[in-house]
Structures are given as C-alpha cells and as structure tokens.
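Chemist: Below are the structure tokens for one structure; questions will follow.
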Amino acid sequence: MTIPVLIIDFGSQVTQLIARRVREAGVYCEIVPYNQAEAALDKAKPKAIILSGGPASVTLSHTPRAPQAVFELGVPVLGICYGQQTMVQQLGGRVEAASGSEFGRATIEITGQSPLFDNVWALGARDDVWMSHGDRVIEIPHGFQVIARNESAPFAVIADEARKFYGTMFHPEVVHTPKGGALLRNFVQGIARIAPDWNMRAFKEDAIQGIRAQVGKGKVICGLSGGVDSSVAAVLIHEAIGDQLTCIFVDTGLMRAGEADEVVSLFRGHYNIPLVHADAAELFLSRLEGVSDPEKKRKIIGATFIDVFDEEAHKIGGAEFLAQGTLYPDVIESVSAIGGPSVTIKSHHNVGGLPERMKMKLVEPLRELFKDEVRALGRELGLPARFVGRHPFPGPGLAIRVPGEITREKLTALRKADTIYLDEIRKAGLYDEIWQAFAVLLPVKTVGVMGDDRTYDHVCALRAVTSTDGMTADSYPFEHAFLARTATRIINEVKGINRVVYDVTSKPPGTIEWE
C-alpha cells in the first residue's frame with residue numbers, strides 16, 4: 001500500500017498532531033516509530049517524509065536517527081525540532097546543547113523566500129510560533145539556506161530548495177503556532193504535489209467493502225461503551241453486514257444522567273440494530289465499594305467490564321468476529337517502542353481491552369482514523385448531530401470524577417450537578433463552542449449557611465475547555481453571570497453540595513489536564 005506521507009516518530013508527545021494537520025489538508029499519512037522506519041520506507045513508498053520532534057538530544061551518540069535512506073529517496077523531507085536537528089547532523093551540519101531550554105511562545109522573522117511560506121508569510125514578516133527544545137542548530141549543511149530566525153534560534157527555519165529538504169525549530173503542528181497548519185499544507189500539497197483526496201465519503205465506501213470482504217457471512221459482536229467511537233464503528237459495520245452484527249452494551253452505572261437510555265433508544269429504535277443491554281450497575285458499584293485509589297478503580301472497572309461482556313458474548317454464541325472502536329492513536333501507541341507520557345495519559349482514560357481468551361478475529365474499521373475524523377464519519381453515516389457532537393467522556397466515566405471512594409449518594413449528587421451545568425451551557429448556546437465540559441465532586445467538604453441552617457457538604461468543581469485536537473486546551477472564558485447562575489442552581493437543587501468553584505487550568509503542549 002502506498003502511503004503518500006510517512007511521519008517518522010522520535011517520541012514527541014505531539015507527533016499525532018502532525019498527522020492530524022496533514023489529514024486536515026486532505027492528504028492521507030501514517031506514523032511509524034523511528035526504529036521501524038527503514039522497513040516502512042520500502043513498503044509505504046511515500047511521496048514525502050516528515051521527521052517529528054522528540055525528547056532526546058542529537059548531541060549524544062546513542063540517540064535516535066533517521067534512516068539514511070530518507071535523504072536518498074529523492075522525495076521532500078520536513079524535519080520538525082528534533083527532526084530538524086537529526087537531519088542537520090546527518091547531512092554534515094552541527095548541533096549543540098543550549099545553555100537552557102526554550103519552551104513556549106516565540107517570535108520568528110522571515111528572512112528568505114520559499115514555497116513553504118506561500119500565502120503564509122512574506123519576506124520580513126514576524127509571527128508567533130511555539131518552541132520546545134533544548135539543543136539548537138549552530139551550523140547548517142551544505143546546500144541549505146536560513147529562511148527564518150529568532151533571537152535564540154538563528155536557524156529557526158532552513159531550506160535546501162534543490163533537494164526539497166526543510167527544517168523548522170518550532171512546532172507547526174500545535175494550535176499555538178497559528179499558521180502552522182497552512183505551512184504543513186504547503187509542504188504536502190505544494191512542494192510534494194500530493195492531491196488532497198482524503199475524505200470521509202471515500203473512506204466510508206472503502207471501509208464498507210473491506211468489512212464485507214473480511215466478515216463474509218460470519219457473525220460479529222461489538223462492545224458498545226456509549227461513546228462516539230464504538231457507536232460509529234457499530235453503525236458502519238451494520239451498514240455493511242446488517243443483522244450479522246449484534247451489539248453488547250455494558251451499562252456500568254457510571255454514565256451521565258440519561259445516556260444509557262439514549263444509547264438503547266438510538267440503536268434499538270433508530271437503527272434497529274440487535275442490542276443486548278447488560279445492566280451491571282450494581283455489580284460495578286459493589287466491586288468499587290471502599291476503593292479510593294484512582295488506578296485501582298480504573299482496573300476494577302476494566303476487569304468488571306470484561307467479565308460482563310464475556311458472559312453476554314457466550315450467551316449469544318456462534319460469533320467469529322469481535323468489533324472494536326480502535327482508533328489510529330491506539331494503533332500508534334501499541335506499535336511504538338518509544339513509549340513516553342502519552343501511554344500514561346491514555347491508561348488514565350481507558351478501562352482496558354477485551355481478553356485474548358475470547359479467541360475471536362478483530363474487526364477494527366476505525367483503526368486508520370483520529371477522533372475528529374470519527375466524528376466526521378459519524379455525520380457521513382447520519383448519526384444524530386447531538387450524539388456525534390457530544391463532549392468526550394472517558395471510559396471509567398464518573399468514577400474518575402468522584403475522587404476518593406465512590407458511593408451512590410456521591411454519584412447521584414454529581415449527576416444532578418453535571419446535568420444542571422450542561423443544561424445551562426446548552427441554554428446559553430455554548431455547547432458546540434466548548435470541546436469538553438464536566439463537573440467533579442471534590443473529596444473535600446466545607447461549612448456553609450443556607451437559610452437558617454448550617455451545612456457541611458461537598459464542593460463541586462466545574463471545568464470547561466476549548467480545543468481543536470484534545471492535545472492542547474484553554475479554559476473557556478465564561479461570563480461571571482453564567483457561573484453565578486449555574487452555581488446558584490446547583491447549590492439550590494442538589495442535596496449534598498454547598499459550594500461551587502470553576503477551574504481555569506489551561507493545557508499547553510506537554511501537560512496533562514486536571515480531571
């Protein structure tokens with residue numbers, strides 16, 4: 001299979017964003033770890049290559065390098081941060097360890113003209129970008145020219161136009177580099193001359209044919225979590241093979257108010273897809289009783305989910321295939337030998353996979369897609385906009401939004417507060433402006449006075465962020481009147497909460513969100 005753009009990953013937390021930006025430009029791409037890149041080059045036959053950033057230092061001999069074949073294929077190459085540094089080092093330039101790291105916003109000045117800057121920056125322009133590096137280039141290889149600089153990185157962007165090799169010291173893939181997406185589009189469409197023909201309609205038709213070819217007349221079972229990913233996978237598979245598919249919805253009792261009923265209504269009523277609704281709320285809550293450690297809670301939820309799903313699957317019998325809503329980020333992390341912070345982050349949000357003992361062949365029709373692409377596919381499949389546009393909800397559900405021990409009383413209070421919060425957001429017409437909003441029941445109590453009574457109840461925290469990719473986020477700037485109105489409703493309507501606070505934590509690249 002030819003892959004138009006191959007991204008070689010050196011371990012950056014934001015490598016996936018490079019792929020997202022390239023795909024947003026209508027060009028299909030894939031990510032491969034640096035230590036598997038040489039074999040991938042022959043198989044992929046790329047028309048362009050991007051070298052990602054990474055945490056290592058090219059000044060050390062044992063750190064990662066790009067296969068030398070990258071520079072001998074005759075295709076355009078773009079090196080980003082560490083990718084720029086290893087390209088410089090491998091082609092005869094020099095890199096040194098800087099006296100300190102540069103992390104955050106920086107200003108570059110355009111000092112040369114290049115197709116990389118077409119309709120982005122004119123000669124002499126100055127603009128903001130996002131830097132994140134410790135080393136810096138001090139001598140560029142023969143054939144390269146400096147086309148942008150800043151005070152701490154005189155070789156901010158370099159170019160060898162003859163060979164179509166480019167390097168940027170900053171990260172064009174993050175939203176904190178406002179014109180970075182346009183620069184990447186120039187690289188893949190303009191310089192590499194790759195047609196922008198990657199879209200969801202074409203993907204849907206190819207995926208349906210692929211599912212039919214893989215499954216034939218076999219039976220498929222699909223585990224529904226109630227989230228967008230598994231739901232889109234189920235609808236896509238049902239469109240391909242009809243009633244050969246049966247869905248199992250494991251109701252953990254840890255979902256938001258009304259969401260379990262919404263899932264059952266959507267699949268049984270709207271789509272008429274065979275659905276097993278396993279109401280296991282009491283089992284989950286009994287196993288979580290007395291447990292406070294967040295990782296233990298996550299593992300208990302994952303193990304219980306597997307037990308319930310396995311039991312229901314055996315009742316169905318005869319299924320040869322297991323469908324999962326595996327996404328491309330999952331695939332990247334499973335094959336990467338680099339590891340890093342993203343693995344820890346992902347383990348916090350998910351409840352684990354299904355057991356190998358099920359001995360079933362996997363159907364994973366979304367494994368080439370990112371989250372935003374799954375939503376686009378959901379719209380292409382006709383899923384209701386309210387469902388497809390729903391804010392992300394982690395696998396462990398409300399369990400990680402009740403720090404400390406989980407009780408029915410806490411879950412009841414949190415559900416009511418969360419419902420009020422989202423209701424006010426919808427009434428204000430803000431839901432689609434916000435990437436994720438949720439309430440958290442904090443593990444602290446405060447003394448308050450309500451009317452003539454003194455109370456000793458929980459504190460509820462509200463969080464809302466804007467994001468385009470889930471990798472970076474900024475707190476949503478609610479007006480004070482909105483927060484006051486929402487807090488008043490929660491305190492008046494929810495028993496057990498007497499104080500509401502709003503979390504304004506932002507999430508720049510390289511940090512983990514508070515949850």
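The values are calculated or read from the model by the stated rules, or taken from the named source; none is laboratory data. Since the model is a prediction, treat every value here as computed from it, not as a measurement. Note that each Cβ is placed from the backbone with ideal geometry, even for glycine, and that neighbours are counted across all protein chains shown. Just the protein is used for accessible areas: all its heavy atoms, side chains included, with ligands, DNA and RNA removed. Shrake-Rupley method; radii C 1.70, N 1.55, O 1.52, S 1.80 Å.
Chemist: Using 0.36 nm per residue of separation minus the Cα-Cα distance, give me the extension gain between Thr107 and Leu483 in nm, one decimal.
Modeler: Gain in length upon complete extension: 131.8 nm.
Chemist: Let's test the formula: R0 of 30 Å, r as the Cβ-Cβ distance of Asp307 and Thr466. What FRET efficiency results, to the nearest 0.05?
Modeler: After rounding, the FRET efficiency stands at 0.20.
Chemist: Just list whichever of Lys43/Lys371; Lys410/Lys495; Lys219/Lys361; Lys45/Lys179 have alpha carbons separated by over 18 Å in the model shown.
Modeler: Lys43/Lys371; Lys45/Lys179
Chemist: Grab the beta carbon distance between Val447 and Ser292, set R0 = 25 Å, and tell me the FRET efficiency rounded to 0.05.
Modeler: 0.60
Chemist: Determine the gain in length on full extension of the stretch Asn35-Ala162; use 0.36 nm per residue of separation and subtract their C-alpha separation, reporting nm with one decimal.
Modeler: 42.9 nm
Chemist: What's the angle, to the nearest 10 degrees (0 to 90), between helix 480-493's Cα axis and the longest principal axis of the chain?
Modeler: 30 degrees
Chemist: If amide hydrogens are placed 1.01 Å from N in the peptide plane, which non-local residues have theirs closer than 5 Å to the one on Thr455?
Modeler: Hits under the 5 Å cutoff: Gly448, Val449, Met450.
Chemist: Next question, about the same structure. By how many nm would the segment from Glu282 to Ser61 grow when fully extended, if each residue of separation counts as 0.36 nm and the alpha-carbon distance is taken off?
Modeler: Extra length available between Glu282 and Ser61 comes to 73.9 nm.
Chemist: Quote the relative contact order of the chain in percent (integer), defining contacts as alpha-carbon pairs under 8 Å separated by 6+ residues.
Modeler: Value for the chain: 11 percent.
Chemist: Still on this structure: Quick check on region 132-284: take the gyration tensor over C-alpha atoms, sort the square-rooted eigenvalues as a ≥ b ≥ c, and tell me if it's rounded (a/c under 1.5), prolate or oblate.
Modeler: It is prolate, given that a/c is not under 1.5 and a/b is the larger ratio.
Chemist: Now for a separate question. Measure nothing but the geometry: give the 0 to 90° angle between the long axis through the Cα atoms of 15-24 and the longest principal axis through the Cα atoms of the chain, rounded to 10°.
Modeler: 90 degrees
Chemist: Can you list the residues of region 29-70 with backbone N under 17 Å from a point 7 Å past the Cα of Asp206, pointing along Cα to Cβ?
Modeler: Backbone N within reach: 29-32, 43-48.
Chemist: Read through the labelled values [x] 12; [y] 29; [z] 23 and report the label of the one computed as percent of Cα pairs over 44 Å apart from the structure.
Modeler: Of the listed options [x] 12; [y] 29; [z] 23, [z] comes from this structure.
Chemist: Please report, as a whole percent, how much of the solvent-accessible surface of the chain comes from carbon and sulfur atoms (probe radius 1.4 Å).
Modeler: For the chain, the apolar C and S fraction of the accessible surface comes to 50 percent.
Chemist: How much accessible area per residue does the chain have, in Å², with a 1.4 Å probe?
Modeler: That works out to 43 Å² for each residue.
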